[in-house]
Amino acid sequence: MSATPTANTAANTSLFAKLWYNKENRSIIVQILAALALLWFFGSMVLNAVHNLEALGKGFSFNFLEQPASYDINQHLIEYSSRSSHFTAMMVGIINTLLIAVAGIILATVLGFILGVLRLSKNWLIDKLAYCYIEFVRNVPVLLHILLIHGIVVHSLPKPKQAINFADTTFLTNRGVFMPSPEYLPLFKFVVAAFIVGVIFAWFFRKFAKGLQEKKGTQLPVFWVSLFSIIGLPAITFLALGQPVEWDIPELKGFNYKGGMVIRPEFLALWLALSFYTAAFIAEIVRAGILAVNHGQTEASMALGLPRNKTLNLVVIPQALRVIVPPLSSQYLNLTKNSSLAIAIGYMDVTATIGGISLNQTGREMECMMIVMAIYLTFSLIISASMNYYNKRIALVER
Amino acid sequence: MNNTENNISATGRALGDSTIEIREMHKWYGEFHVLRDINLDVKSGERIVVCGPSGSGKSTMIRCINRLEEHQKGDIIVDGVELTNDLKNIEAVRREVGMVFQHFNLFPHLTVLENCTLAPIWVRKQPKAEAEATAMKYLERVKIPDQALKYPGQLSGGQQQRVAIARSLCMSPKVMLFDEPTSALDPEMIKEVLDVMIELAEEGMTMICVTHEMGFAKTVADRVIFMDEGQIIEENEPEQFFNNPQSERTQLFLSQILAH
């Protein structure tokens, strides 16, 4: 036996054996080979694309972004007309995508948490209703939800002439929801100032209450005082100054309402559909998160004399969040990417503008698709980075 | 019942008035009759060990005392407060009754110190500094003041159980309930937890302890209660209980657990 290792060592002295039978060397060699293969693959793809584009006489350039877009976009939050450039059209699209993503994430989270808690209700009817909602909504493709809600908005709401009228100020029509828009009078800046003062006061009050708690043990109603100073204070100022706002109330002129603000049916349908759909998934995540906290935790907390609401706030929810946050962030990513289905109902998001009409008009599919991909990638990476940061902050310490 | 004779414990100490009174208490899980006609009177300063085979209702009984389980018939009066559906009464009782669980149930998202100060701060409305000072005092008593800033996940089982005891003591309870506190521990760690419990008993804490540690029962108990099938079968001073068990069921149980 003692002779065998010596014989092996002798045989292994060749250069190949030295490199290949050493664990570290082998892993380096494999990585280099893999990197080369990858480089070759992508290199040939790019070369192929450039070659084909040249054969079509198209080159590769982003100069088209400066050309006039020559198409209209009905919902634009920045200055835009058909004479604006493709770049401006893209910016309008980006803002519309961001708007739908942010509004959708907020509504989906609120609805999802409520549904998730209802699902755990001891009330049989409430539990089953939430269950039916979740099972129906999450098992139908989101595109159908979008088309369905769009259909409901456009076909079942009346024409502007027969608009559903709320107090002669808000009008529900198949062209959108028309609402009064505020025009701020000079005195209104005091209301804004009151709001800022309220926020600052709430912040200091919170610190003060915490300090008092640590020194004397007294607990102040921080939530209610903050709520009053942030919302109540500006509201009182607003009323005391004689409501320094003039409302631009929409009026029926010709076939449609003019003036005020409008939420367009495309936005409404996309927003509701994406939120309802994602909320169903979030509800299940929330339910799983709360159930994942061992019942022993609740018992231990209650055995110490903590009331039910404090048990929930101080013991159960902080632990449930750890289970909820990672899958929740992937739902946020899904919602943001699903918003590209906007194109189905003509909501002008980034896919419909730069990835749709601009692409068709300029024939720059390569460049446009790269831009659209880069935009979604950026949004997604930002969402995922911030959720990862939050998740790390609340992670459990073990060993 | 409350004459002076009854207020002297087996170990010769003077005992106070009744802290816990359980009268004709019954409990059902659906159709299943878990506790049948339980009568128990615990005096202040008394230490009681509850033993019996698994499934006999020992844990369920002590969990009724702080209303983690609901009883359906009979009365439970703790420190003069009767346990009913009244949430305020339940919270009042829970403030005065500490409980230590088999699986510790420490809060994993809080440090050892925060585990100990959570209830004093939010329930007793103590200033943070005072709550922390009390917590450190009890952590020293259970001999782990140096672990105060660690998280429960970083401690051994025995250390975690000692933190759990300190956490309960921070509320300065009148009664401590122990629900098989050593059953989830390695043999080496059992001793460190039992030492803490013995020390606590010697300081005069009223204790009800569900345990299979017969050595502990012999050294500290004023009374040993034997339960089977949801009933209290036998109730006696430890010496009488171990040397001269009255019922056949108790004899069988003792022969089985003391055989090895």
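The values are calculated or read from the model by the stated rules, or taken from the named source; none is laboratory data. What you are looking at is a predicted structure, and each value in this text was computed from that prediction instead of being measured. Every residue, glycine among them, receives a Cβ derived from its backbone with ideal geometry; neighbour counts consider all protein chains shown. For accessibility, only protein heavy atoms count, side chains too; no ligands or nucleic acids. Shrake-Rupley method; radii C 1.70, N 1.55, O 1.52, S 1.80 Å.
Is it the case that B:Asn85 is surrounded by fewer than 22 Cβ atoms within 10 Å (Cβ to Cβ), more than 9 Å from chain A (Cβ to nearest Cβ) and closer than 20 Å to B:Lys174 by Cβ?
It is false that B:Asn85 is surrounded by fewer than 22 Cβ atoms within 10 Å (Cβ to Cβ), more than 9 Å from chain A (Cβ to nearest Cβ) and closer than 20 Å to B:Lys174 by Cβ.
Only one of these conditions is not met by B:Val112: (1) more than 14 Å from every other protein chain (Cβ to nearest Cβ); (2) crowded, with 20+ Cβ neighbours inside 10 Å; (3) more than 30 Å from B:Asp17 (Cα to Cα). Which number is it?
B:Val112 satisfies every listed condition except (1).
Report, ordered by the first and then the second residue, all pairs with beta carbons closer than 6 Å, sequence separation of six or more or different chains, a first member in region B:171-193 that is exposed (fewer than 15 other Cβ atoms within 10 Å of the Cβ), and a second member that is among the acidic types (Asp, Glu).
Matching pairs, first to second residue: none at all.
Go through region A:275-309 residue by residue and tally those that are open to solvent by 30 Å² or more (accessible area, probe 1.4 Å), more than 9 Å from chain B (Cβ to nearest Cβ) and under 26 Å from B:Thr60 (Cβ atoms).
4
Using beta carbons and a limit of 9 Å, which pairs, at least six apart or on different chains, have the first residue in region B:63-88 and of a type in the set (Ser, Thr, Tyr) and the second one surrounded by fewer than 12 Cβ atoms within 10 Å (Cβ to Cβ)?
Final answer for the pair search is none.
Looking at (1) within 29 Å of B:Ala119 (Cα to Cα); (2) more than 14 Å from chain B (Cβ to nearest Cβ); (3) open to solvent by less than 50 Å² (accessible area, probe 1.4 Å), which is the only condition A:Trp203 fails?
Result: A:Trp203 passes all but (3).
Cβ-Cβ below 7 Å, separation at least six or inter-chain, first residue in region A:115-134 and assigned by TED's automatic domain parsing to the domain that holds A:Ala280, second polar (S, T, N, Q): which pairs?
Hits for this filter: A:Asp127/A:Ser121.
Run A:Tyr80 past the list (1) open to solvent by 80 Å² or more (accessible area, probe 1.4 Å); (2) at pLDDT 85 or above; (3) outside any helix (DSSP H, G or I) and report the number of the one that doesn't hold.
Looking at each condition in turn, A:Tyr80 falls short on (1).
Can you tell me how many residues within region B:94-106 are surrounded by 22 or more Cβ atoms within 10 Å (Cβ to Cβ) and facing another protein chain (nearest Cβ under 7 Å)?
Residues in region B:94-106 being surrounded by 22 or more Cβ atoms within 10 Å (Cβ to Cβ) and facing another protein chain (nearest Cβ under 7 Å): 4 in total.
Residues to consider are A:Ile343, A:Ile354, A:Ile371; find the one that is open to solvent by 40 Å² or more (accessible area, probe 1.4 Å) and either more than 14 Å from chain B (Cβ to nearest Cβ) or not hydroxyl-bearing (Ser, Thr, Tyr) (or both).
Values: A:Ile354 fails: open to solvent by 40 Å² or more (accessible area, probe 1.4 Å); A:Ile371 fails: open to solvent by 40 Å² or more (accessible area, probe 1.4 Å).
The unique qualifying residue is A:Ile343.
Just wondering, is there one or more residues in region B:146-163 that are farther than 27 Å from A:Lys210 by Cα, in contact (Cβ under 8 Å) with a residue 60 or more places away in the chain and within 14 Å of chain A (Cβ to nearest Cβ)?
First, the residues of region B:146-163 that are farther than 27 Å from A:Lys210 by Cα: B:153-162.
Remaining after also requiring in contact (Cβ under 8 Å) with a residue 60 or more places away in the chain: B:161.
Filter again for within 14 Å of chain A (Cβ to nearest Cβ), leaving B:161.
Yes, there is a match, as at least one residue in region B:146-163 is farther than 27 Å from A:Lys210 by Cα, in contact (Cβ under 8 Å) with a residue 60 or more places away in the chain and within 14 Å of chain A (Cβ to nearest Cβ).
Assess whether B:Ile77 counts as being at pLDDT 90 or above and open to solvent by less than 20 Å² (accessible area, probe 1.4 Å). Write out each step before concluding.
Values: at pLDDT 90 or above: yes; open to solvent by less than 20 Å² (accessible area, probe 1.4 Å): no.
Considered against the rule, which asks whether it is at pLDDT 90 or above and open to solvent by less than 20 Å² (accessible area, probe 1.4 Å), B:Ile77 comes out as no.
Report, by residue number, each residue of region A:155-194 that is under 19 Å from A:Ala235 (Cα atoms) and charged (D, E, K, R).
A:Glu183, A:Lys189 - these are the residues of region A:155-194 that are under 19 Å from A:Ala235 (Cα atoms) and charged (D, E, K, R).
Name the single residue that is most open to solvent (accessible area, probe 1.4 Å) among those in region B:194-204 being free of Cβ contacts under 8 Å to residues at least 60 places away in the same chain and either in contact with a Gly (Cβ under 9 Å, 6 or more places away or on another chain) or not in a helix (DSSP H, G or I) (or both).
Residues of region B:194-204 free of Cβ contacts under 8 Å to residues at least 60 places away in the same chain: B:194-200, B:202-203.
In the following step, the residues that additionally are either in contact with a Gly (Cβ under 9 Å, 6 or more places away or on another chain) or not in a helix (DSSP H, G or I) (or both) were identified as B:194, B:203.
Values: B:Leu194: 26, B:Glu203: 105 Å².
Among those that are free of Cβ contacts under 8 Å to residues at least 60 places away in the same chain and either in contact with a Gly (Cβ under 9 Å, 6 or more places away or on another chain) or not in a helix (DSSP H, G or I) (or both), it is B:Glu203.
Need the failing condition index for A:Leu147 against (1) touching a residue at least 40 places away in the same chain (Cβ under 8 Å); (2) open to solvent by less than 50 Å² (accessible area, probe 1.4 Å), just the number.
It is condition (2) that A:Leu147 fails.
Go through region A:178-198 and count every residue that is surrounded by 15 or more Cβ atoms within 10 Å (Cβ to Cβ) and in a helix (DSSP H, G or I).
Number satisfying all stated conditions: 7.
For A:Leu312, indicate whether it is open to solvent by 40 Å² or more (accessible area, probe 1.4 Å), closer than 30 Å to B:Leu169 by Cα, among the aliphatic types (A, V, I, L, M) and touching a Pro at 6+ places or on another chain (Cβ under 7 Å).
no
Quick check, is A:Ile345 in contact (Cβ under 8 Å) with a residue 60 or more places away in the chain, closer than 21 Å to A:Leu56 by Cα and not acidic (Asp, Glu)?
Here the answer is no, as A:Ile345 does not meet what is asked.
Can you tell me which residue in region A:252-270 is most open to solvent (accessible area, probe 1.4 Å), limited to those that are modelled with pLDDT of 85 or more and of a type outside the set (Val, Ile, Thr)?
Among residues in region A:252-270 that are modelled with pLDDT of 85 or more and of a type outside the set (Val, Ile, Thr), the one most open to solvent (accessible area, probe 1.4 Å) is A:Arg264.
Identify the single condition in (1) crowded, with 18+ Cβ neighbours inside 10 Å; (2) within 14 Å of another protein chain (Cβ to nearest Cβ); (3) touching a Pro at 6+ places or on another chain (Cβ under 8 Å) that B:Glu91 does not satisfy, given that it satisfies every other one.
(1)
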